[in-house]
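Q: Below are the structure tokens for one structure; questions will follow.
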Number of protein chains: 2
Amino acid sequence: MVNTTVNHTAHEQAHLDRALGRFQDEIQGEVRRLITTADGDPALGGFYGQMAYHLGWLDRDLQPIPVAAGKLMRPALVLWACELAAQTSGAKAPTLAKRHQQAMPAAAAVELVHNFSLIHDDIEDRDALRRGRPTVWAVWGEPQAINAGDGMFALAHMALWESAEHGLPAKTTLTLARLLDATCLRLCEGQYLDMAAEASATITPARYLDMIARKTAALMRAATTIGATIGDPSSATVPAALGDFGEALGIAFQLRDDLLGIWAADTALGKAPAGDLRRKKMTLPVIHTIANAAAKDRDRVLAIYHAPGEPDAADIAFLLTCIGRTSHAWCQAHLAAYCATARAALARTTATGEAMDALGALVEYVAIAAQA
Amino acid sequence: MVNTTVNHTAHEQAHLDRALGRFQDEIQGEVRRLITTADGDPALGGFYGQMAYHLGWLDRDLQPIPVAAGKLMRPALVLWACELAAQTSGAKAPTLAKRHQQAMPAAAAVELVHNFSLIHDDIEDRDALRRGRPTVWAVWGEPQAINAGDGMFALAHMALWESAEHGLPAKTTLTLARLLDATCLRLCEGQYLDMAAEASATITPARYLDMIARKTAALMRAATTIGATIGDPSSATVPAALGDFGEALGIAFQLRDDLLGIWAADTALGKAPAGDLRRKKMTLPVIHTIANAAAKDRDRVLAIYHAPGEPDAADIAFLLTCIGRTSHAWCQAHLAAYCATARAALARTTATGEAMDALGALVEYVAIAAQA
């Protein structure tokens, strides 16, 4: 059994938090402005209020609370990619500032797409809690939550149109809008594959990786591609490189979650490892074991996963041993490979500075889970 | 009691059907092409299959069936508005054909937005049947239906981007995309207001009209505005006129439904009038009566609407009398006023021909319900 969380408390976490902290207030302000601007009619206060609740600045009575926003990693990817591409093109301070301003609505658009999909995923997965708060459907019911998610999807597009108002050429805006919509379609395809796999319980590692490429990595590829395109609209190579970086990072993040979900003890909460096994989640280590373990072991894993209720201590011990032996190193190697791909993609750009530093910090933060 | 359906079997219905028939195959083909093009991976057959099922060309086993498409009125509005605007600008045959080609993906986009909202509305309203077939959620469950609707929303945008591929300038495409997204946001606002009104059961006629302006008329305004903009990108007045036409027509259509839902007997099905009263639907005649009847009558209407189950024969008779006396003429006058607005908006354009004839036929079809 491997406990990887110990390593995360130190240097890399602090480095990442510092990097993410740079834009958080600005992004939060932009998202807030978009929703507040749309909310003109008092009769619609509840509609936009549900969005604000989900985003963490109103409580369930729609009263203001200290902002409990997420990490805002995806919009930060837009802004870092923008800065890095602009620097690579040799842009000076006034141009950098202008590009940053153009990228801000696009960053908000990416964050709104992410959150629209979370609102709907929470309904689809019957998750009643997110970040310790009741989900939108748990407070207002499914019909309102479906509708609030739809509204946020439309609002994400409205955000992107504002980039054009900041002087982004119409043709570039159109290219980005098309990319964002193709990405949304891929998100939905990924969610379909995820739900279909859960229903059938037979999925290969390759299909799982394809599923998370759509469901998780596509939006991170879109974030870096959109940012880089705004940062240097004349370049094709830098957006492509940062797009590849975003996708590899996205898959690596999911593999990290999959590894920690089985082998990380939550020392802060005093929780034992194997959380994902207790919840019988179909993550890559489990899927790889089902596809590769000896028939007797595979059948026992399947029997445990198909049985009702939470597995008992003996079953958990068996799963940890069997999956650990069959799939832990393989999953770590895959995570390491995606981190290497991300580093190599980043090396195809030449800029140095805060943005390069932040994107590098993200990779190293994720890569630790491959080293335990 | 007034039976208005008798008048609808004759001339106007045939006129409208003939007009709608002109583009139905072409629109159906375009929507089909978009969904089939997106469906590249056999593993995603079920995802796009749910969309095709909803649109009426696959059965629940995803086998082809004779197409059971709707009237396709909204995309036809796009194409008629396009033709009418192009004619008004003096365009000749080759330009007309090019504009029509550019408008076709936009027409498909409008139809897909309409259908995405139907898939989600059916979940939100717990409607298990649509046009005599089980709804998507009734066949595949709510999670899949939410996701299929989201996918169709993304696909609607992808459709619009194809207009740019047919030579529509990027700036014009952007204007149309922005309009479509603002419209989607209004649809969601309308749905929110509708659900909130149902929960509170107190809504004024003015708020009801505002609600249907968002929920129903906004997309018809968008359809005619988008079509006219493609038909003559240099004109501001024709898209504005046809936009006003679309909105007035959209509200008129809803008021027609509201009137017929209470006072039309379905002679074909042998059903008595008052269908909406039996289902205790909060339509304009009921809302107007609650706001304007004497206190004693108002209280009885509210008591009937708040009681569980279907009203009995005596209650239905009372509702028909009370609502008929208080609100029938008022609702007819309002319907007539919206039809007059639509006619006046149409008269602000100067073209003659098939498109003008078709748009005029739509108004006269709706207007009959104001004359009984």
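Q: What do you get for the angle between helix B:237-263 and the principal long axis of chain B? Use alpha-carbon atoms, 0 to 90 degrees, nearest ten.
A: Around 30 degrees separate the two axes.
Q: Quick one: label points 7 angstrom along Cα→Cβ at B:Ala333, distances to the other copies in nm, smallest first?
A: B:Ala333 label point versus its equivalents elsewhere: 8.3 nm.
Q: Determine how many Å³ per residue the convex hull of the Cα atoms of the protein assembly as shown encloses. List each step's numbers first, then the result.
A: On the way: hull volume 127.2 nm³, N = 744.
In the protein assembly as shown, the Cα hull volume divided by residue count equals 171 Å³.
Q: If you fit an axis through the alpha-carbon atoms of helix B:45-55 and take the longest principal axis of the Cα set of chain B, what angle between them do you get, 0 to 90°, nearest 10?
A: 60
Q: Heavy-atom accessible area of A:Val301 with all protein chains present, probe 1.4 Å, nearest 10 Å²?
A: Its heavy atoms expose roughly 0 Å² to the probe.
Q: Let me ask something else. Where does helix B:354-367 land angle-wise versus the long Cα axis of chain B, in degrees 0 to 90, nearest 10?
A: For B:354-367 against chain B, the angle is about 10 degrees.
Q: For B:176-182, what's the mean count of beta carbons from other chains sitting within 10 Å of each residue's beta carbon? Intermediate values should be presented prior to the final figure.
A: Details: counts 0, 8, 8, 0, 2, 10, 6.
Shielding by partners across B:176-182 averages 5.
Q: Now, a different point. Find the sum over both chains of the accessible area lost when A and B are paired, probe 1.4 Å, and report it in Å² to the nearest 100.
A: Buried area between the two chains comes out at roughly 4000 Å².
Q: Would you work out the relative contact order for chain A, in percent, from Cα pairs under 8 angstrom that are 6 or more residues apart?
A: Details: 519 pairs, mean separation 80.2, N = 372.
It rounds to 22 percent for chain A.
Q: Let me ask something else about it. Based on the Cα gyration tensor of segment B:56-180, what are the three equivalent ellipsoid semi-axes, each the root of five times an eigenvalue, rounded to whole Å and given largest first? Mind showing how you got there, number by number?
A: On the way: eigenvalues 207, 50, 29 Å².
So the three semi-axes of segment B:56-180 are 32, 16, 12 Å.
Q: Just to make sure I understand: if all protein chains stay in place, what is the order of B:Lys281, A:Lys296, A:Lys92, B:Lys215 by accessible area at 1.4 Å, largest first?
A: Output order, biggest surface exposure first: A:Lys296, A:Lys92, B:Lys281, B:Lys215.
Q: Also, I was wondering about something else. When the solvent-accessible surface of protein heavy atoms is calculated with a 1.4 angstrom probe, in what order do A:Asp232, B:Asp59 fall, highest first? Could you put the intermediate results ahead of the total?
A: Details: A:Asp232 20, B:Asp59 45 Å².
Most to least solvent-accessible, the answer reads B:Asp59, A:Asp232.
Q: For B:Phe47, B:Phe318, give me the order by solvent-accessible area with a 1.4 Å probe, most accessible first, ignoring ligands, DNA and RNA. Could you put the intermediate results ahead of the total?
A: Working: B:Phe47 0, B:Phe318 35 Å².
Ranking B:Phe47, B:Phe318 by accessible area, largest first, yields B:Phe318, B:Phe47.
Q: How many nanometers, to one decimal and shortest first, lie between the label point of A:Asn292 and those of its other copies, if labels sit 7 Å from Cα toward Cβ?
A: 7.5
Q: Report the net charge of residues surrounding A:Arg300, where surrounding means a beta-carbon distance below 15 angstrom and charges are Lys +1, Arg +1, Asp -1, Glu -1. If you can, show how the numbers build up before the last one.
A: Details: positive: A:Lys280, A:Lys296, A:Arg298, A:Arg325; negative: A:Asp297, A:Asp299, A:Asp312, A:Asp315.
Combined, the nearby Lys, Arg, Asp and Glu give 0.
Q: Per-residue Cβ counts within 10 Å, from other chains only, averaged over A:130-138: what number is that?
A: Working: counts 0, 0, 0, 0, 0, 0, 0, 0, 0.
Mean partner shielding for this stretch: 0.
Q: Report the dimensions of chain B along its three principal axes from the alpha-carbon atoms, largest first, rounded to Å.
A: Here the Cα extents, ordered largest to smallest, are 63, 51, 35 Å.
Q: Turning to a different aspect of this structure: For segment A:170-262, calculate the relative contact order in percent as a whole number, restricting contacts to Cα pairs under 8 Å that are 6 or more residues apart. Present the calculation step by step, with values, prior to reporting the outcome.
A: Values: 88 pairs, mean separation 26.7, N = 93.
RCO, segment A:170-262: 29 percent.
Q: Same structure again: What number do you get for segment A:252-372 when its Cα radius of gyration is normalised by 2.2 N^0.38 Å, N = residues? Walk me through the numbers before you get to the answer.
A: Working: Rg = 16.9 Å, N = 121, 2.2 N^0.38 = 13.6 Å.
Normalised Cα radius of gyration, segment A:252-372: 1.24.
Q: Another one. Just the accessible area for A:His306, please: 1.4 Å probe, Å², rounded to the nearest 10?
A: 120
Q: Peptide B:228-235: average number of partner chain Cβ atoms within 10 Å per residue? Write down the numbers at each step before the final one.
A: Values: counts 0, 0, 0, 0, 0, 0, 0, 0.
Across B:228-235, the average partner-chain Cβ count within 10 Å equals 0.
Q: Can you pull the Rg over Rh of segment A:206-247, Cα-only, Kirkwood? Walk me through the numbers on the way to the answer.
A: Numbers: Rg = 11.3 Å, Rh = 10.4 Å.
Using only Cα positions, Rg/Rh for segment A:206-247 is 1.09.
Q: Something else: Considering only protein heavy atoms and a 1.4 Å probe, what is the carbon-and-sulfur percentage of the accessible area of the protein assembly as shown? Numbers along the way, then the final one.
A: Details: 15610 of 28330 Å².
Accessible surface attributable to carbon and sulfur in the protein assembly as shown totals 55 percent.
Q: Could you work out [θ]222 nm for the protein assembly as shown from helices alone, using -39500 (n - 2.57) per DSSP H run of at least four and dividing by all its residues? Round to the nearest 500 deg cm²/dmol.
A: -24000 deg cm²/dmol
Q: Right, something else. Could you state how much accessible area A:Ile35 has, in square angstrom rounded to the nearest 10, with a 1.4 Å probe and all protein chains kept in place?
A: 10
Q: Any idea of the accessible area per residue across segment B:143-241, 1.4 Å probe, to the nearest Å²? All intermediate terms of the calculation are to be shown ahead of the outcome.
A: Details: 2820 Å² over 99 residues.
Per residue, segment B:143-241 has an accessible area of 28 Å².
Q: Between the label point of A:Ala303 and that of the same position in each other copy, find the distances and list them shortest first in nm, with every label point placed 7 Å from Cα along the Cα-to-C-beta direction.
A: Taking the point 7 Å beyond Cα along Cα→Cβ, the inter-copy spacings are 6.6 nm.
The values are calculated or read from the model by the stated rules, or taken from the named source; none is laboratory data. In this text the structure is predicted, and so the values were computed from the model without any measurement. Reconstructed Cβ throughout: ideal geometry from the backbone, glycine too, with neighbour counts over all protein chains shown. The protein model used for the area step is the full one, side chains on, heavy atoms only, and it has no ligands, DNA or RNA in it. Shrake-Rupley method; radii C 1.70, N 1.55, O 1.52, S 1.80 Å.
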